[in-house]
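Presented below is the structure to which this report refers.
The values are calculated or read from the model by the stated rules, or taken from the named source; none is laboratory data. Remember, predicted model here, so these are calculated numbers, not experimental data. All Cβ positions, glycine included, derive from the backbone under ideal geometry; neighbour counts span all protein chains shown.
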Amino acid sequence: MKLILPVLLVLFVTACAGLKTPPPLTPKAPADTPSVSSSQTFTPAPPTATVTPAPPNAASFPDSTLYKWTQVASGFDSPVDIQFPDDSSGRMFVLEQVGRIRVVENGQLLETPFLDITGRVGSTGNEQGLLGLAFHPNFKDNPYFYINYTDNNGDTVIARFQAAGNTADPNSEKILLQVDQPFANHNGGEMIFGPDGYLYLGLGDGGSQGDPNGNGQNKDVLLAKILRIDVDRGDPYAIPNDNPFVNGGGRPEVWAYGLRNPWRFSFDRATGDLYIADVGQDTWEEINVAAPNAPGLNFGWNYYEGSHRYAGQPPAGISITMPVAEYSHAEGGCAVTGGYVYRGAMPEWQGIYLYGDFCSGKVWGLIRSQGGWQSQILFETGFNITSFGQDPSGEIYLADRGGAIYRLGK
């Protein structure tokens, strides 16, 4: 591991920063191949949206020197996601990029993986592998969980598995969606259930650099999008009847578009706002925010990188949602990692969205005030931050690619 990790680190930086040399792969013709057909689309009554009440938001940033990131678990092989089922078990689940899900219970890393599908997961590319995990909202009574991974052909697979205690049956896989990936980078990977009970999926633009296939602004493909599907109806899923293109004009699964590589997004559990971190090309990293029930937003790629013009001329009358925060590579860093709005027990952190950078290890806070959005560097951790996590009580964690998980506290 000591010999392999430095090579992986270089590959990660190259892929995320969008260097001018594309990956040495032969491009495939872009083709989105979801498993659902239009005949399976129907219009059930949507689940009732719920949010968790929270104390008032902090008016300003706390003195971050009074807080620290404390290690709570270690021994992972390239951890890339942290998830907690809302089942009162207190367990933390950590994704290892090679294709394993590990369990931390009562502060101890269990020896036996929860799930090991390394034989199905292609992780030779630095942005490939097992990338996302979401537990069913009613996991305690309905023990399904969903994963996002790249297969041995390098293509995206969205699949459902069934759990039994601290293990899951690898033979219980049901593939919901498959999407061809033309290059090895920009696979996205996020998946999360929204307050409406639907599953949201993040896919990058297909890779290389500069969006050569024009996927960002093409609503008829699934790449460069956030998708929204109903996994409790249909086979293998249904389309929510209020998706923006359910009646035409784009793929019915699409919820938002114009994204380069949304590497982690999350809902504020108190407001329902959706925070999206989108990895930039050569210069700018960005954070976007979508209000609840705001379908069909266009976040601008590849007309814009952040709030800065990148390529082409947007058509007259097009509506683009600009980021609420951004930082340049000149400030240090290379690839943004999205986090969560803090909703834990420390009132001074209430309502502050935390996000970081993979290369620099910096962690920013983002807060909304009457004067608009404010962003500030709060920590310089030195970690290679691959993901953040939020437990059922609202506390925040982060993953260091070196193999450890940390929690914010005093």
Within the range 192-232, the count of residues that are among the aliphatic types (A, V, I, L, M), over 25 Å from residue 389 (Cβ atoms) and out of contact with any Phe, Trp or Tyr (no Cβ under 8 Å at 6 or more places or on another chain) comes to 3
Please indicate, with yes or no, whether at least one residue in the range 320-333 is crowded, with 20+ Cβ neighbours inside 10 Å, in a helix (DSSP H, G or I) and in contact (Cβ under 8 Å) with a residue 60 or more places away in the chain.
-> no
Which ones in the range 192-212 are in contact with a Leu (Cβ under 6 Å, 6 or more places away or on another chain), surrounded by fewer than 22 Cβ atoms within 10 Å (Cβ to Cβ) and of a type in the set (A, V, I, L, M)?
-> none
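On the given criteria, is residue 236 at pLDDT 95 or above and in contact with a Ser or Thr (Cβ under 8 Å, 6 or more places away or on another chain)? I'd like the intermediate steps shown before the answer.
Working: at pLDDT 95 or above: yes; in contact with a Ser or Thr (Cβ under 8 Å, 6 or more places away or on another chain): yes.
Yes: the conditions hold for residue 236.
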With (1) surrounded by fewer than 23 Cβ atoms within 10 Å (Cβ to Cβ); (2) under 16 Å from the mean Cα position of the chain (by Cα) as the list, and residue 75 as the residue in question, which single condition is left unmet?
-> (2)
Consider residue 341 against the criteria (1) surrounded by fewer than 24 Cβ atoms within 10 Å (Cβ to Cβ); (2) more than 17 Å from residue 225 (Cα to Cα): it satisfies all of them except one. Which criterion is unmet?
-> (1)
Do we find that residue 114 is closer than 21 Å to residue 393 by Cα and buried (at least 16 other Cβ atoms within 10 Å of the Cβ) in this structure?
-> no
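Looking only at the range 196-204, decide whether some residue is over 16 Å from the mean Cα position of the chain (by Cα) and within 26 Å of residue 395 (Cα to Cα). Give the steps one after another, and end with the answer.
From the range 196-204, those over 16 Å from the mean Cα position of the chain (by Cα) are 196-197; that's our starting set.
Subset that is within 26 Å of residue 395 (Cα to Cα): 196-197.
For the range 196-204, residues over 16 Å from the mean Cα position of the chain (by Cα) and within 26 Å of residue 395 (Cα to Cα): present.
Output yes when any residue across the range 161-171 is under 26 Å from residue 280 (Cα atoms) and at pLDDT 95 or above, and no when none is. Can you show your working first?
Residues of the range 161-171 that are under 26 Å from residue 280 (Cα atoms), as a first pass: none.
For the range 161-171, residues under 26 Å from residue 280 (Cα atoms) and at pLDDT 95 or above: absent.
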Within the range 349-403, can you find the residues that are of a type in the set (Asp, Glu) and either assigned to a loop (DSSP other than H, G, I, E, B) or in contact with an Asp or Glu (Cβ under 9 Å, 6 or more places away or on another chain) (or both)?
-> 357, 391, 395
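Residue 389 - would you say it is at positive phi and buried (at least 17 other Cβ atoms within 10 Å of the Cβ)?
Details: at positive phi: no; buried (at least 17 other Cβ atoms within 10 Å of the Cβ): yes.
Against the criterion (at positive phi and buried (at least 17 other Cβ atoms within 10 Å of the Cβ)), residue 389 does not qualify.
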Does residue 145 satisfy the condition of being aromatic (Phe, Trp, Tyr) and touching an Asp or Glu at 6+ places or on another chain (Cβ under 8 Å)?
-> no
Answer with yes or no whether residue 85 is in contact with a strand residue (DSSP E or B) (Cβ under 8 Å, 6 or more places away or on another chain) and either among the hydrophobic types (A, V, I, L, M, F, W, C) or within 18 Å of residue 393 (Cα to Cα) (or both).
-> yes
Identify, please: which residue in the range 137-150 is assigned to a loop (DSSP other than H, G, I, E, B) and without any contact (Cβ under 8 Å) to a residue 60 or more places away in the chain and is, among those, farthest from residue 232 (Cα to Cα)?
-> 140
Per the list (1) over 20 Å from residue 405 (Cβ atoms); (2) in contact (Cβ under 8 Å) with a residue 24 or more places away in the chain; (3) out of contact with any Asp or Glu (no Cβ under 9 Å at 6 or more places or on another chain), residue check on residue 314 breaks on (2)
